[in-house]
Structures are given as C-alpha cells and as structure tokens.
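Take a look at the structure below.
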Amino acid sequence: MSSLMGEKLIQKQKISHDQLQKALDYQRLHGGRIGNSIVTLGFLTEDEVAEFFRAVPEIPDSLAKLDLTYSFIESLVVKHALNLRVFNFTDMCNSTKLPMFIVTEAIDILRQNYFLQVKSAGQFSKLSYTFNLTEAGIKKAKELLSVSRYTGPAPVSLRAYRNQVEAQTVKSVYVDEKNIKKAFSEIVISDDMVQKFGPAISSGKSIFLYGPPGNGKTTIAEIIGEVLPGTIRVPYAVQVEGEIITVFDRASHVRVDSDEPDDSTDQRWVKIKRPVIMTGGEMTLKGLDLDFNHIAKFYEAPLQMKANNGLFIVDDFGRQQVDSQTLLNRWIVPLERRTDFLTLHTGMKIEIPFDQLVIFSTNLEPKKLVDEAFLRRIRYKIKVGYPSLDEYKQIFQKVCESNGMIFDENVFKFLIDLYKEKRVNMCSCHCRDILDWMVNNAHYRDEKPKLTKETILASWESYFVEM
C-alpha cells in the first residue's frame with residue numbers, strides 16, 4: 001500500500017522519487033505510515049496528504065474513460081426508457097447517472113435504429129425534446145430484461161472501483177487522542193483501556209475484543225465506528241466480466257450531501273460516511289460471497305465489500321451458523337493480503353480489495369475458539385473485563401439519571417451486598433437491566449420509579465436465575 005501511494009504521489013508530481021525513498025527509509029526506521037513519514041520530513045503538509053485521499057471521481061469525458069462498452073450503455077438506456085415511458089435527455093441522465101454527452105449519443109443512435117421516437121419537440125432546443133419507445137423498442141427492452149433485470153444507475157468498472165478504494169483507504173484515517181477520548185467519554189471506561197484503543201484504531205489493523213458477556217464489547221465496537229473520520233464514495237454498482245454487482249446499500253450506508261456540484265463529479269458514485277457493517281450469529285459463509293439473484297440475474301455485494309474503507313464488526317464471534325475454524329480459514333487471506341476473492345455463478349473468481357478495520361468480538365475463551373496462527377494475524381487483542389466497583393457505581397448513577405431516578409447510596413450498598421452474598425460477578429449491563437425492570441414495573445402501576453431496597457430485591461429476583 002505504501003509504495004502504491006508513493007508512486008501515485010509521484011505521478012501527480014506531489015513528491016519526487018528521491019523524496020519517496022527518503023520517506024520509505026524513515027518509515028522503516030521509525031514505523032508508522034508512509035503518509036506520516038512524508039509529513040514529518042516536510043515534503044507535504046497534513047492537509048496535502050489528506051487531500052490526496054479525498055479523491056473525487058471526475059466526470060468521464062470520453063467513452064474510454066467511462067470504461068463501459070457502448071452496447072452495454074445502449075442496453076441500459078433502453079431498459080430505463082421502458083421504466084420512464086416518456087422522458088427527456090435530463091431525465092435519462094438522472095436515471096442512469098451517465099454524462100449528457102453519452103446519453104445524447106445513445107438516444108440519437110437508438111432513434112436511427114427505430115427503437116426510440118420523438119414524442120414532442122420544443123421550439124428552442126433539442127434538450128426539450130421528449131421521447132418514448134417504439135413497438136420495436138419495447139420488444140427490445142423486454143428481451144434485454146430477460147437477460148438481466150438490472151435497471152439501476154450505470155456501474156463503474158472493477159478497475160475504477162479498486163483505484164477508488166485504494167485512494168480512500170481506511171489506513172489513511174488519522175484519529176488523534178483528543179477525538180478518541182471524546183468518543184469514549186459517553187461511556188464509563190478506564191483511561192488505560194482508552195489508551196489501548198487509540199493506536200489500534202489508528203493502525204487500520206484488525207482488533208480482537210474478548211471478555212465476559214455484558215460488559216460493553218459491542219458498544220465499544222460501535223463507538224470505534226463513530227470515530228472513523230471523513231467520507232468516502234461507493235459506486236451504485238460494479239461491472240465485472242459482463243456481470244453487475246450492486247454495492248451501495250441504503251440499509252448499510254449513510255448517504256451525505258456532496259459539497260461538489262453535480263456537474264463536477266461522476267454521478268455513478270455516492271458520497272457516504274465511512275461504513276460500519278455489523279454481523280452477528282446469523283453470519284454464514286454464503287454471506288461472505290456474492291449473492292446472485294437468479295430471477296433478476298445480477299449480484300449483490302457481500303458484507304465485506306460493502307464495508308470497504310470502513311469498519312466490519314463480527315459480533316458474537318464463535319456463535320455463527322458455521323464452524324469457527326472454517327470461518328477463520330475464510331478470513332486468513334483477506335486479513336494478510338488486504339485482498340479477497342469472490343466467485344461468480346459461472347465459476348470465475350474475481351479479486352476485490354479488502355480494505356477495512358475488522359473487529360472480532362467474542363465472550364468465548366479465545367484459545368478454545370481460534371488457534372495461535374490466527375491470533376498472530378490480529379495485531380491488537382484487547383480484553384474487556386468486568387467493571388471495578390467504582391466503574392459499576394458510575395454506570396449505575398448514569399442509568400439512574402437517564403431514567404429520572406434519585407441515586408441512593410444505602411440502596412446501592414444493599415445491591416452490592418447482594419452480589420457478594422449470591423457470588424455473582426458485576427456486569428456493566430446489569431445496571432441497565434435491573435433499573436429497566438423498576439421502570440417497567442412503575443409504569444405498569446402508574447407510579448414514578450423509585451430506587452429502594454424492595455424494588456432492588458424484586459428486580460434481582462426477576463433478573464437472575466437461582467439454581
């Protein structure tokens with residue numbers, strides 16, 4: 001990755017070959033990222049390096065730069081025409097996300113071949129013309145839909161997708177100590193623990209969270225996702241070997257308004273927050289491969305492809321519907337080489353980038369779950385254990401406050417004595433769950449929830465199972 005970034009900076013005449021070599025030598029001695037080395041040596045400023053990683057896809061000004069065949073473009077326009085029924089040039093541009101020059105050319109040729117006809121013509125400009133399909137055009141559109149029902153925005157090529165993922169790599173993310181502390185200030189967590197997460201997040205490498213259940217591993221993983229700065233661009237779809245793979249997912253990606261005007265960027269790309277994709281016990285091996293719709297005849301990207309340039313959280317690791325070792329074997333190559341291989345329904349394999357911060361979270365014993373070889377590939381292993389008494393008290397007070405309940409020191413001591421008497425470990429989630437019972441019980445009785453020894457005991461007996 002470092003050399004690729006350096007070569008691109010040289011191509012754009014941002015640095016010289018000599019400067020790149022000095023930066024690589026500095027990186028070998030001091031560690032860190034090549035971008036940091038370039039800034040430290042004064043070859044570029046932080047803003048200049050950051051700008052390099054904010055690559056905005058430019059509008060292609062030729063068919064070659066569009067990287068799609070003309071026959072594919074024509075087919076897509078015909079299918080969109082069937083959906084639009086009556087349309088003008090602008091309507092077709094908005095629907096296909098293709099630039100005006102290629103839409104105009106495609107419509108003109110389709111008219112010459114009698115697939116399209118002018119429905120109405122304005123007096124002043126060709127752009128005011130409206131069109132619809134002829135009988136031959138309708139027949140053509142239906143034939144094309146039988147081959148593939150994809151009628152979304154025009155895709156980008158796999159090559160363009162790889163270049164864009166590389167330009168906005170998660171390894172370029174810079175998270176300082178101030179932002180880390182601010183993000184974790186919403187929960188009760190020790191300073192020592194926060195200090196462990198800072199370097200792990202900034203490294204862009206995988207993290208293994210482990211420890212007993214109910215102590216905030218999932219919450220911590222979600223906070224890490226919120227810490228990731230900046231925005232990226234993902235394509236609506238990618239075309240590879242004549243097949244379409246949809247990537248942008250409204251359920252997984254958070255779209256943001258673009259600062260650039262529409263006429264300055266390639267509209268086939270969507271600006272989003274760095275993605276945070278979470279999967280749990282429902283994950284299967286099938287979910288990590290392309291999902292081919294046999295009726296629509298195009299693919300949906302797997303979870304890790306949707307997570308590129310962002311965060312992929314594997315929650316409740318070890319409880320998936322597939323053997324843990326089999327699942328781990330599936331991850332070894334992507335984690336090591338930052339590339340993944342997917343299989344088309346034809347049997348052909350394609351290579352896609354694997355550029356994401358992966359967090360494995362489990363409450364199972366790590367050494368019983370994974371082998372040393374796999375743990376070695378995950379640089380950061382962080383145990384999230386039981387809270388201390390002081391931490392538990394802080395959490396309890398916060399939950400009381402959020403529920404409008406007055407904290408009582410004597411009642412809290414009564415609760416702690418119950419833990420000691422019953423020999424139960426204090427978990428962070430107990431505060432929420434025990435007080436939730438009180439709130440629900442008070443609402444049922446149409447009373448204001450109160451923190452008393454009686455309500456604590458009733459909640460305890462309802463929550464914990466006595467053997």
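Only the coordinates and a few stated rules stand behind these numbers; no lab work does. All values reported here derive from a predicted model rather than from experimental measurement. A quick note on method: Cβ atoms are made from the backbone with ideal geometry, for glycine too, and the neighbour counts reach across all protein chains shown.
Quick check: residue separation of residue 12 and residue 372 times 0.36 nm, minus the Cα distance between them. What number comes out in nm? Could you put the intermediate results ahead of the total?
Values: separation 360, 0.36 × 360 = 129.60 nm, distance 4.28 nm.
Result for the pair: 125.3 nm of gain on full extension.
Could you tell me which residue out of 252, 457, 174 lies farthest along the dipole of the chain toward its positive end? Charges go on the beta carbon: Lys and Arg +1, Asp and Glu -1, centred on the Cα centre.
252
Exactly which GluC sites (Glu not before Pro) in the stretch 217-298 are in a DSSP loop and have at most 14 other Cβ atoms within 10 Å? If you can, show how the numbers build up before the last one.
Values: sites: 222, 226, 241, 243, 282; in loops: 241, 282.
Taking the stretch 217-298 and a limit of 14 other Cβ atoms within 10 Å, the loop GluC sites (Glu not before Pro) found are 241, 282.
Dipole magnitude of the chain about its Cα centre, charges +1 at Lys/Arg Cβ and -1 at Asp/Glu Cβ only, in debye to the nearest 20? Working shown, then result.
Values: 60 positive and 61 negative charges, 143 e Å.
Using Cβ point charges on Lys, Arg, Asp and Glu, the chain gives about 680 debye.
Expected output is a single nm value to one decimal: the length gained when fully extending between residue 101 and residue 406, i.e. 0.36 nm times separation in residues minus the C-alpha distance. What is it?
Details: separation 305, 0.36 × 305 = 109.80 nm, distance 6.73 nm.
Once the chain is fully extended between residue 101 and residue 406, it gains 103.1 nm.
Which value in nm describes the separation of the simple spin-label points at residue 322 and residue 257, placed 7 Å from the Cα toward the beta carbon?
With each label point 7 Å from Cα toward Cβ, the separation is 4.2 nm.
Evaluate E = 1/(1 + (r/R0)^6) for residue 250 and residue 417, where r is the Cβ-Cβ distance and R0 equals 45 Å; express this FRET efficiency to the nearest 0.05.
On the way: r = 50 Å, r/R0 = 1.12.
E(calc), rounded to 0.05, equals 0.35.
For the stretch 148-233, what is the charge dipole size about the Cα centre, in debye to the nearest 20, if Lys and Arg each add +1 at the Cβ and Asp and Glu each add -1 at the Cβ?
Values: 11 positive and 8 negative charges, 102 e Å.
Rounded to the nearest 20 debye, it is 500 debye.
Here are some values of Cα extents along the principal axes in Å: (i) 87, 65, 45; (ii) 87, 53, 34; (iii) 67, 53, 51. Which one was computed from this structure?
It is the value labelled (i).
Report, in debye and to the nearest 20, how large the dipole of the stretch 69-154 comes out about its Cα centre when Lys and Arg carry +1 and Asp and Glu carry -1 on their Cβ.
Values: 10 positive and 6 negative charges, 44 e Å.
That gives a dipole near 220 debye.
Residue farthest toward the positive end of the dipole of the chain, with Cβ of Lys/Arg at +1 and Asp/Glu at -1: which of 235, 360, 333?
So the residue we want is 333.
What does the helix-only formula give at 222 nm for the chain: each DSSP H stretch with n ≥ 4 adding -39500 (n - 2.57), the total divided by the residues, and the result rounded to the nearest 500 deg cm²/dmol?
Numbers: 21 runs with 217 residues, N = 467.
So the helix-based figure for the chain works out to -14000 deg cm²/dmol.
Below 8 Å, C-alpha to C-alpha, sequence gap of six or more: please give me the relative contact order for the chain in percent. Let's see the in-between values first.
Values: 686 pairs, mean separation 65.2, N = 467.
That works out to 14 percent.
Give the shape of the stretch 185-305 as rounded, prolate or oblate, defined through the alpha-carbon gyration tensor: a ≥ b ≥ c are the square roots of its eigenvalues, a/c under 1.5 means rounded, and otherwise the shape is prolate if a/b is larger than b/c and oblate if not. Could you put the intermediate results ahead of the total?
Values: a/c = 2.89, a/b = 1.51, b/c = 1.91.
Oblate is the answer for the stretch 185-305, as a/c is 1.5 or above yet b/c matches or exceeds a/b.
Could you work out how far apart the two model spin labels at residue 441 and residue 111 are, taking each label as a point 7 Å from the Cα in the direction of the beta carbon, and quote it in nm?
7.7
Please compute the Kirkwood hydrodynamic radius over the stretch 69-154, one decimal place, Å, based on all pairs of different Cα atoms.
Values: mean 1/r = 0.0792 Å⁻¹.
The answer is 12.6 Å.
Roughly what would the spin-label model give for residue 292 and residue 129, points 7 Å off Cα along C-beta, in nm?
Here the answer is 4.0 nm between the modelled labels.
Want the number for residue 86 to residue 386: 0.36 nm per residue separation, take away the alpha-carbon distance, what's left? Could you put the intermediate results ahead of the total?
Numbers: separation 300, 0.36 × 300 = 108.00 nm, distance 6.39 nm.
Using 0.36 nm per residue and subtracting the Cα-Cα distance, I get 101.6 nm.
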